[in-house]
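Worksheet: the structure to be examined is printed underneath.
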Amino acid sequence: MDAPPRSSSRRRSKKKFDRQVDAVMWASRALVGIAAASVAEVEDRVSITQLRVLVLVGTRGPLSLAVVADELGVDPSNASRTVDKLIKAGLLDRRDAPEDRRRLALTLTPSGADLVQTVTDHRRDAIAAVLKRLSASQRDDLAVALDAFADAAGEPATEDALTLLWPIHP
């Protein structure tokens, strides 16, 4: 029997790749839904941008206002307004940086840390509920595949659950 023409092999390969892309898109829709539901837990207290600031500070803090602005991709005055609202809400604290008293350092207050933990716990619980529907071997395979996917996407390797809310850039 003759081998199939090369163009037929390429078409099958492209269809397989398209199915793989579709599968990841489908899974990402589920993950975005879980993420949105976890953020909804606190949307009455903070905006998405404010939550992102809290996650950044909780993950990498203490941070300067300049670093927060850079991470958000906004100018310092916009970041300053967001930070001021979080300070007024009692979720963020601003103090002299220990290494340079001319600079200010932003840290989470206990209330800010609790808020971020609420979002993290909700997301973790929702993901755990989905994973429990898979066999142990499927969970193992999924973890390996998602680790490889995250690595290929350039995500930082970390054990910190806070970074699972938003990527951080060193």
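When only alpha carbons are used to place a centre, the range 77-95 and the range 14-50 end up 28 Å from one another. Annotation: peptides 118-126, 148-156, 32-40, ranked by per-residue average of other Cβ atoms within 10 Å with the highest first, follow the order 118-126, 32-40, 148-156.
Three semi-axes describe the equivalent ellipsoid of the range 45-93; taken as square roots of 5 times the Cα gyration tensor eigenvalues and ordered largest first, they are 14, 12, 10 Å. Using Cβ point charges alone (K and R +1, D and E -1), the dipole size of the range 3-62 about the Cα centre works out to roughly 840 debye.
Rounded to the nearest 20 debye, what is the charge dipole size of the range 1-150 about its Cα centre when +1 sits on each Lys and Arg Cβ and -1 on each Asp and Glu Cβ?
Using only the charged Cβ atoms, the result is roughly 720 debye.
Please compute the contact order of the range 60-151 in relative form: average sequence separation of alpha-carbon pairs under 8 Å and at least six residues apart, divided by the residue count, as a percent.
It comes to 22 percent, rounded to a whole number.
Of the peptides 44-57, 78-91, the ranking by mean beta-carbon count within 10 Å, highest at the top, reads 44-57, 78-91.
No value in this document is a laboratory result; all are computed from the given coordinates. Because the structure is predicted, anything quoted here is derived from the model rather than measured. Every residue, glycine as well, gets a Cβ built from its backbone with ideal geometry; the counts of neighbours run over all protein chains shown.
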